[in-house]
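The structure appears right after this line, and notes come after that.
The values are calculated or read from the model by the stated rules, or taken from the named source; none is laboratory data. The model shown is predicted, which means the values in this text are computed figures rather than measured ones. FYI the Cβ positions are ideal-geometry reconstructions off the backbone, even for glycines, and counts take in every protein chain you see.
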Amino acid sequence: MADEWFQFATADHFWMQWRHCLLVRALRRAGGQIRTTLEIGCGHGVAREMLERDFDFPVDGCDLNRTALEMARPGKGHLFVYNILDQEPSLLGRYDAVFLLDVIEHIDDDVSFLGGLRKLLHSCGVETQAVQSWGMLMVPLLLARKALLGGTKRANAIQTGFVPPNAIARRLLHGMKNVEIALPFKMPFGTSILAWGRLHPQRDV
């Protein structure tokens, strides 16, 4: 991620809170004892902070962006620079849970990735427990914004695209988050997807 992203992706941002609420719900539904965890691509550690705040387990975090890691606050777990393509053997079997958050935007063929997500998880020895869409209430707003902005390139694209422009917009987006989270049914579509599963007993995390 561009370094500019990290100054805007804060724990009080409506989208970060929305994602966290769903992640907490998923962890509680998944059950099981979690003692050690790893967040791959942790950036400046905001998701890690929120998880450690609401659960007893420490969260280790790894990333390739040293600048982001230096921005992270100290936590219960450790932070380290690591490229997952290196496949370090000492990490095998070390963690009870692994988090990969905000990955779709890093994948060139996102449609194929999403279409084959269950198959991909199965090939990794993971039994899918759920694939859940979220952010449905944001769709009309995003479509309207896309129509207004068109295909024009704007300066400060990350700030324009991620930061609510004013206090009214912030309250509206937080309200949308609260309403959707409270709805008693799954979203048929949305702006994001959360998937989770369990490793088959014969496989190591």
- prompt: Does the stretch 92-103 contain any residue that is among the acidic types (Asp, Glu) and in a strand (DSSP E or B)?
  reply: no
- request: Determine if the stretch 30-38 includes at least one residue that is without any contact (Cβ under 8 Å) to a residue 60 or more places away in the chain, touching an Asp or Glu at 6+ places or on another chain (Cβ under 6 Å), buried (at least 17 other Cβ atoms within 10 Å of the Cβ) and of a type outside the set (D, E, K, R).
  value: no
- request: Please list, ordered by first then second residue, the pairs with beta carbon atoms under 6 Å, 6 or more apart or interchain, first in the stretch 136-153 and within 20 Å of Ser192 (Cβ to Cβ), second of a type in the set (Asp, Glu) and modelled with pLDDT under 80.
  value: none
statement: Across (1) at positive phi; (2) modelled with pLDDT of 90 or more, Asp102 clears everything bar (2)
- prompt: small (Gly, Ala, Ser), closer than 23 Å to Gly197 by Cα and touching a strand residue (DSSP E or B) at 6+ places or on another chain (Cβ under 9 Å): does that describe Ala47?
  reply: yes
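Residue-by-condition table, conditions (1) surrounded by fewer than 16 Cβ atoms within 10 Å (Cβ to Cβ); (2) not aliphatic (A, V, I, L, M):
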position: Arg48; (1), (2): no, yes
position: Ala68; (1), (2): no, no
position: Tyr82; (1), (2): no, yes
position: Ser90; (1), (2): yes, yes
position: Phe99; (1), (2): no, yes
position: His106; (1), (2): yes, yes
position: Lys119; (1), (2): yes, yes
position: His122; (1), (2): yes, yes
- request: Kindly indicate whether any position in the stretch 124-131 is in a strand (DSSP E or B), farther than 23 Å from Cys21 by Cβ and either out of contact with any Leu (no Cβ under 7 Å at 6 or more places or on another chain) or of a type in the set (Lys, Arg) (or both).
  value: yes
Enumeration of residues in the stretch 132-156 that are assigned to a loop (DSSP other than H, G, I, E, B), exposed (fewer than 10 other Cβ atoms within 10 Å of the Cβ) and either at pLDDT 80 or above or of a type in the set (Val, Ile, Thr) (or both): Thr152
- prompt: Out of all the residues in the stretch 14-61, which are of a type outside the set (S, T, N, Q), part of a loop (DSSP other than H, G, I, E, B) and over 16 Å from the mean Cα position of the chain (by Cα)?
  reply: Gly31, Gly32, Ile34, Arg35, Phe55, Asp56, Phe57, Pro58
query: Given the structure, is Asp96 among the charged types (D, E, K, R), over 20 Å from Leu23 (Cα atoms) and out of contact with any Asp or Glu (no Cβ under 7 Å at 6 or more places or on another chain)?
result: no
query: Which residues, counting only those in the stretch 157-188, are loosely packed, with under 10 Cβ neighbours inside 10 Å and outside any helix (DSSP H, G or I)?
result: Pro165, Asn166, Pro184, Phe185, Pro188
